[in-house]
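The values are calculated or read from the model by the stated rules, or taken from the named source; none is laboratory data. None of these values were measured; they are calculated from a predicted model. Virtual Cβ from ideal backbone geometry, glycine too; neighbours counted across all protein chains shown. Protein only, heavy atoms only, side chains kept; ligands, DNA and RNA dropped before computing areas. Shrake-Rupley method; radii C 1.70, N 1.55, O 1.52, S 1.80 Å.
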Amino acid sequence: LKLREAFVPYLYAAFRKYATEGIPPFRALVLDYPDDPETHSLDLQYLMGDDVLVAPLTAEETERSVYLPAGTWYSFWDQTPYEGGRHYTIAPPLEQIPLFIKAGTTLPLALSIEHQKDGYDIPLAVTFYGPTCRDAVLFEDDGVSYDFEEGDFNVVSIHDASTSEGKIVRQGRFPKPVYHVARWTRIGVF
């Protein structure tokens, strides 16, 4: 449940992208990597949003093969880098769903809090995967009404400033910021 809670800002933005651009938030790898023949028959792993590869195991499995497309990918759990274009056999603990983050990703995750007031002031832990990262784009609204259809929302861009911290740019007319960054982390800088 805590992992699901952490991914809510990322998923909220992915579902917004689905509503505005038609790109499914959960999809087969072949949709993003059509020129990679290895992705054409993969049906036991998928992308969550643009940058997270999920490779679940069943309760009966203790290991599995995972294919990572071209590029560098990082294990979400221990930040181990993997070169893409290859299959790997992984044996994660039962409590860890195998997740891999594409290099160049800015991943904003919600930090766990005990009490949420009116859906506002959600602290984020932002992780940059690699030396230079694409912007992360989040969507802010009240989370309960359809006022966003009238333009009451913000688009929040988190930029990689190539330093220990990034930069946030908020555009829109939603009056209360929903997200603030409580922690910045950079993974995979050599």
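Give the number of residues within segment 127-178 that are of a type in the set (A, V, I, L, M, F, W, C) and part of a loop (DSSP other than H, G, I, E, B).
6
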In segment 146-181, how many residues are of a type in the set (Gly, Ala, Ser), closer than 22 Å to Ser112 by Cα and modelled with pLDDT of 95 or more? 1
Members of segment 156-174 found to be in contact (Cβ under 8 Å) with a residue 12 or more places away in the chain and open to solvent by 50 Å² or more (accessible area, probe 1.4 Å), listed by number: His159, Ser162, Ser164, Glu165, Ile168, Arg170, Gln171, Gly172, Arg173
Does Pro108 fit the bill of being touching a residue at least 24 places away in the same chain (Cβ under 8 Å), outside any strand (DSSP E or B) and surrounded by 14 or more Cβ atoms within 10 Å (Cβ to Cβ)? no
Looking at Tyr10, Tyr18, which is the one that is assigned to a helix (DSSP H, G or I) and over 19 Å from Tyr129 (Cβ atoms)? Tyr18
If the requirement is being hydrophobic (A, V, I, L, M, F, W, C), assigned to a loop (DSSP other than H, G, I, E, B) and without any contact (Cβ under 8 Å) to a residue 24 or more places away in the chain, which of these qualifies: Ile97, Ile113? Ile113
